[in-house]
Amino acid sequence: MSDTVSFCQPSRFVGTPNSKLKIHNSKLPLRLPSLPAFSPQASGPQGRSTLLTPNAAEGAASQLPSRLAAQLFPAVCVKSQQRPPFCSHFFLATCKSHIYTAGYPDNQRNGRSMEIQRQLQIAPLLAKKSFFLFGPRATGKTTLIRQQLAKTATIIDLLDSRYFLRLSSAPQDLESFIDANPADVIVIDEIQRIPDLLNEIHRLIEGRKLTFLLTGSSARKLRRGKANLLAGRVWDAKMFPLIYREIPEFDLDRYLLYGGLPAVYLSDYPQEELDAYVNTYLKEEILAEGLIRRLPPFSRFLKTVALANGEMINFTKLGNDCQVPPSTVREYMAVLEDTLIGFLLPAWAESKKRKAIKAGKFYFFDPGVTHVLAGTEALDRNSDLYGRSFEQFICMELRAYLSYQRQKLPLAYWRSKNGHEVDFLLGTRTAIEVKASKKVTSNDFKGLKYLKEERVFRTFVLVSQDPISSLTDGILALPWQKFLDDLWKDKFIY
């Protein structure tokens, strides 16, 4: 292995394009060893992307005090000392405002390159209309925009304090920013930070027919602040964690334990990444943004609801378990839904032969996040928790499919008063039961058979880890890989 330096966690730099950089929030100057170390990788209206060679990276890092270096680059590996295979270079994306943000030119795990192509295609959507793009934090919205819109869009990132401070005090300046950087599409990242911008966007859509992509990780601030939600002028799209068809060499057991957040699944330290995500965002940031008033009861609530992930919601029982009133549980649930951290799966209650339960089920958006909140340290293949995680995985795949393919079918579940249940329903087209077993038995078909008597649904599918496909009494049993492949071929919606 050749000598190398690998920066395994992103960091932000602020500086000028003459190779003099400053660490963000630090006055320490940092001079890169040599400008030829940069080689252009791409170009677009936002500037160029460049690759910093290992020698240049090592020289840059050597100028930092050891304590600061340890904080900014906790996983720097010098001269072949146990190099983490996840990344081999330090990538700097430069833009007109000279913000340098670290990323990775290629995603690597276990020494193999992993080319991640997201299923959501933004450009065809924006050819029709302006869009909101909402998704949980760290699902890859910003990366997706840079990959797909770098050559056609002007990007205004409201996490950049200069944009944020200027537009917060003077939203009307948005138009001058756009005029200075004309493009086919105007992207405003983290729109929920300045809800008043939506009035200006409304005016620019109506008056100048501009196309906007407005991204965010929470709609709560917009709704709570009674912001202009541009009804009829902007459509909605959603972003989800990585899904099966986006990940080469997909590892099911890894996914069920650690989930599909890109920075987590692709990391050699997924547990560390998950812990940071939960403690930094789910708790501290939600508190800092004023979405909750007190952290201790919210933390108890998160653990309680994580342990009940995929189960029917009983607000009174949840309140007793986490020592808060049912009204507070409802408020906390609304926070999780508005920040897209969780969602309610409604019950289908229209069965005639068997009276149905009307209570919905609650799921977190990612199994890895669920496990960290619940305190899960391992996932036993033969446990009930493994089966529930597999069910959650299929649920996530169904949600992503319906959203990315712009299918308007509702997703629900069915459970009778007598306890007969079917995990997922695609409108009235397809009923889907999920089992983690490696060999299906006649007992696995029971819920589907009872629902079949209603004569409402067209297709009945049992999804499992059994590698053999079969057809029994009009019910199709499929391996989960085959089911997901057929799902994306639209075989279960017609």
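Points worth noting:
- Put a dot 7 Å past the Cα of residue 151, heading toward its Cβ, do the same for residue 271, and the two dots end up 4.4 nm apart.
- Close amide-amide hydrogen proximity is noted between residue 460 and 431, 476, each under 5 Å apart and 5 or more residues distant or on a separate chain (H modeled in the peptide plane; Pro and chain starts excluded).
- Contact order, relative form, for the range 122-238: 38 percent (alpha carbon pairs under 8 Å, 6 or more residues apart, mean separation divided by residue count).
- Annotation: extensible slack from residue 294 through residue 406 equals 36.5 nm (criterion: 0.36 nm per residue apart, minus Cα-Cα distance).
- Restricting attention to the range 122-238, lysine pairs at least eight places apart or on different chains and with alpha-carbon atoms under 17 angstrom apart total 6.
- Take the Cα of residue 233, step 7 Å toward its Cβ, do the same at residue 307, and the gap between the two points is 4.8 nm.
- Stretch gain in nm, segment residue 428-residue 168, where the contour uses 0.36 nm per residue and the Cα spacing is subtracted: 89.0 nm
- By the rule of a C-alpha distance below 14 Å, with chain neighbours fewer than 8 residues away ignored, the aspartates and glutamates paired with residue 283 are 275.
- When the pairs 361/435; 352/417; 317/449; 446/489; 352/489 are compared against a 20 Å limit on Cα-Cα distance, 317/449; 446/489; 352/489 fall above it.
- Whether the range 122-238 is rounded, prolate or oblate, judged on the alpha carbon gyration tensor where a/c under 1.5 counts as rounded: rounded
- Stretchable slack from residue 199 to residue 417, in nm (0.36 nm times residue separation minus alpha-carbon distance): 73.6 nm
- For the range 388-489, a simple Cβ point-charge model (Lys and Arg +1, Asp and Glu -1, everything else neutral) yields a dipole of about 200 debye relative to the Cα centre.
- Bins of 5 Å, starting at 0 and running to the largest distance - Cα pair percent for the range 252-487: 1, 6, 13, 17, 18, 17, 13, 8, 4, 2, 0
- Rg in Å to one decimal, and Dmax rounded to a whole Å, for the range 319-372 via C-alpha atoms: 14.0, 41
Values quoted throughout were computed directly from the atomic coordinates according to the rules given, and no laboratory measurement underlies them. Note that the structure is a prediction, hence the values are computed from the model and not measured. A quick note on method: Cβ atoms are made from the backbone with ideal geometry, for glycine too, and the neighbour counts reach across all protein chains shown.
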